[in-house]
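Any read-out appearing in this document is the output of simple, stated calculations on the displayed coordinates, not a laboratory observation. Just so it is clear, the structure is predicted and the values come from calculations on it, not from any experiment. Note that each Cβ is placed from the backbone with ideal geometry, even for glycine, and that neighbours are counted across all protein chains shown.
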Amino acid sequence: MGGEHGAPAVTDLALRRELLAGYELDTDRSRLDLERVHRWLSTDAYWAMGRSMDVLRRAVEGSASFGVYAPDGAQVGFARLITDGATFGWLCDVYIDRAARGLGLGTALANAIVDAVEPMGLKRIMLVTADAHEVYATAGFVVAPNPEQLMARISPTA
């Protein structure tokens, strides 16, 4: 699917690169192990507990999705970026398998995503975290200035 003026759609962001120590980042959706991602998010991620596979599939379809793969090819991480490709991005569903934590993969993933979208010139990329501020700080994230200006609508049924 192409974007306006022949530019690739943001959901078609093509990126494959080494993160560190043989671990690889890849945006190829066909490589994602959605069963594994679903298990991670729906059972171990406080923000997505109970999320259905259908919701995950729709979310992946509408996002630039990033997989992190071990040297043996097994998926060990995941993240999504929702963006208009011009002004704003929302980084979400960032998850590193518990067995692969402590290797710097979360930090490398956040930095690689920021680097990948830098050419878009996004004014703001936002995210929510309860416990990983230091991971995102290395990629330039700060506590939102004027948080009292931020608002959210939380659906009671979703």
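Points worth noting:
- From largest to smallest, the equivalent ellipsoid semi-axes obtained for region 7-158 from the alpha-carbon gyration tensor read 22, 19, 17 Å.
- Within the chain, the longest run free of trypsin sites (Lys or Arg not before Pro) that sit in a DSSP loop with at most 16 other Cβ atoms within 10 Å is 1-100.
- Gain in span if fully extended, Thr129 to Leu15, counting 0.36 nm per residue against the direct Cα distance: 38.6 nm
- Simple label model, 7 Å out from Cα along Cβ direction - Leu34 to Thr138, nm: 3.1 nm
- Net lengthening on full extension, Tyr46/Asn146 (0.36 nm per residue, minus Cα-Cα): 33.5 nm
- Here is the list for region 13-116: chymotrypsin sites (Phe, Trp or Tyr not before Pro) lying in DSSP coil, each with at most 10 other C-beta atoms within 10 angstrom of its C-beta, are Tyr46.
- For Ile82, Ile96, Ile154, Ile125, order by how many other beta-carbon atoms lie within 10 Å, fewest first: Ile154, Ile82, Ile125, Ile96
- Lys, Arg +1 and Asp, Glu -1 on Cβ, resulting dipole of region 1-144 about Cα centre, debye, nearest 20: 220 debye
- The GNM of the chain, with springs linking C-alpha atoms under 10 angstrom apart, assigns the highest mean-square fluctuation among Ser30, Ser42, Ser65 to Ser30.
- Rounded to 5, percent antiparallel among DSSP beta bridges of region 78-138: 60 percent
- Contact order normalised by residue count of region 9-141, Cα under 8 Å, 6+ apart, percent: 21 percent
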